[in-house]
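The values are calculated or read from the model by the stated rules, or taken from the named source; none is laboratory data. Just so it is clear, the model here is predicted, and its values are computed rather than measured. Here the Cβ positions follow ideal geometry from the backbone for every residue, glycine too, while neighbour counts run over all protein chains shown.
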């Protein structure tokens, strides 16, 4: 039971990192990253391959974060002159290409067999207590990211970013460099997704294309939306709520013997999808209303 | 070599003509309602299943299944639009169209999950007579593929007639062109929303049925094909109906030709590449001159 709870809490922490990334690019910057899972998978594979190639684990994580951020910046730049809808399409396509690459470049990614035996940091040192150590490590990173983001979003950068989200022209007239702000926010979001992927890879020590299903993007959108798309603490609570919903519905559905495994899985996905629709319809502000973040001393 | 390229052209045009139907749907919704409806993917699957049901269970001939695919997907499209998307669309604000897009991708997953719950993950095949390809001018043609091509052409022609000859069609084009001006002339854009959604999703469903008849149906067949549909729309400029058709033909031919040099597993990647190239070089679409509507 403890093992299960530790596993789920670690996973919730990874989801929280993803949701924090989405709050930055979607909530604060108004850019929809429908290819979230692509950046997540990219980070996982990048770190697994870097560390597999002999790099120390922290460098693998940094490399994964940097690579995801750089590609995020590139994706954002491609659609710079266009409506936000185009970014949504491009990111969706990006995730599909990443999936195809993971699946078919067997020489690098192992194809559908994936990569196994990804080392975990300091595992031999902690022994049986290791899962708990990794959970604490994950949540420490979540905390660091959350604190850094809160500071960043309260700073002039955050205000300018929200101005861009509300009205790019007005922000441009006020002398803000719209493009730079958008690219930065999107890259931060993508980078956090990459870091989350790296954490996942070294946590389960095995990754395959099946670990990064398209539906995960919707889970994280629900996490971010449920907590209030613009709020840092909301993203963390939202991620926990989504994890409870995912795991809870597993038990509820398993208790109904009339359904087979495929039906149970589809019910879970249906509940997440309907959840996201309902949250956006009924409580667009989420649990945490967006604070009136005007300039001032607060 | 020339024959190989010729064969790719033929296959690409046939595939492109069918892809044009969902691409027209996507473009129509974007033009009239102003948002990207990602649930087009699931509606393709809805149409494919609807056709398969009456074809394999009720033993209707293939041609008779196509109106069913259109009507069921159209009806499901309108119903889900009313339930899920319309309440969000009614909000005002700069972020509305992106919010609706996010809800529509959740809707896509909801419909796909509902289909998976009902039909399972098995591959289902249409019950159509197996026919032999025939050779003409050194190129191979499949009778079923040619029939699909014909159906797509007829559907596009009917659509073109509707938009140029009927009052409703003209009103819809007026809304797409400039919603405020259309309102001044007494057209109520919201009243056209249901009709536009019905036609668009019906086209997606029809396209879905045509795309799977020679292969098989499963709950995520639409999601696998959707990137090509998006590529067709984007290449066509996202707001031009003729552009969507030309875009679909171009993407169809390009992806068939690309198979000569890259592995078939990367067919969707060709579509992504087409999107990137168009956005980098001609962001308003390759056919922006063709009755384009700017937004």
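Inspect segment A:149-164 for any residue being in contact with a helix residue (DSSP H, G or I) (Cβ under 7 Å, 6 or more places away or on another chain), surrounded by fewer than 24 Cβ atoms within 10 Å (Cβ to Cβ) and within 14 Å of chain B (Cβ to nearest Cβ) and give the result as yes or no.
Checking segment A:149-164: at least one residue is in contact with a helix residue (DSSP H, G or I) (Cβ under 7 Å, 6 or more places away or on another chain), surrounded by fewer than 24 Cβ atoms within 10 Å (Cβ to Cβ) and within 14 Å of chain B (Cβ to nearest Cβ).
In this structure, does residue A:12 turn out to be at pLDDT 95 or above, closer than 30 Å to residue A:181 by Cβ and either under 16 Å from the mean Cα position of the chain (by Cα) or within 14 Å of chain B (Cβ to nearest Cβ) (or both)?
no
Would you confirm, using the coordinates I've provided, whether residue B:225 is surrounded by fewer than 19 Cβ atoms within 10 Å (Cβ to Cβ), within 13 Å of chain A (Cβ to nearest Cβ) and not in a loop (DSSP other than H, G, I, E, B)? Before you say what the answer is, go through the steps one by one.
Working: surrounded by fewer than 19 Cβ atoms within 10 Å (Cβ to Cβ): no; within 13 Å of chain A (Cβ to nearest Cβ): yes; not in a loop (DSSP other than H, G, I, E, B): yes.
Against the criterion (surrounded by fewer than 19 Cβ atoms within 10 Å (Cβ to Cβ), within 13 Å of chain A (Cβ to nearest Cβ) and not in a loop (DSSP other than H, G, I, E, B)), residue B:225 does not qualify.
Of the residues B:232, B:196, which is under 30 Å from residue B:127 (Cα atoms), outside any loop (DSSP other than H, G, I, E, B) and touching a helix residue (DSSP H, G or I) at 6+ places or on another chain (Cβ under 9 Å)? Steps first, please.
On the way: B:196 fails: under 30 Å from residue B:127 (Cα atoms).
Going through B:232, B:196 in turn, the sole match is B:232.
Give segment A:165-184 a look and list any residue that's buried (at least 16 other Cβ atoms within 10 Å of the Cβ) and not in a helix (DSSP H, G or I), or say none.
Scanning segment A:165-184 gives a single hit, A:176.
Take segment A:257-273 and flag every residue that is more than 7 Å from every other protein chain (Cβ to nearest Cβ) and either free of Cβ contacts under 8 Å to residues at least 12 places away in the same chain or in contact with a strand residue (DSSP E or B) (Cβ under 6 Å, 6 or more places away or on another chain) (or both).
Within segment A:257-273, A:257, A:258, A:259, A:260, A:261, A:265 qualify.
Looking at (1) closer than 25 Å to residue A:27 by Cα; (2) more than 17 Å from the chain's Cα centre (by Cα); (3) within 12 Å of chain B (Cβ to nearest Cβ), which one does residue A:245 not meet, given that it meets all the others?
Against the list (1) closer than 25 Å to residue A:27 by Cα; (2) more than 17 Å from the chain's Cα centre (by Cα); (3) within 12 Å of chain B (Cβ to nearest Cβ), residue A:245 comes up short only on (3).
Need at least 2 residues that are more than 23 Å from the chain's Cα centre (by Cα), more than 14 Å from every other protein chain (Cβ to nearest Cβ) and modelled with pLDDT under 90 per element, so show me which helices (runs of 4 or more DSSP H) inside segment A:35-131 make the cut, counting only ones lying wholly within it.
Answer list for segment A:35-131: A:123-126.
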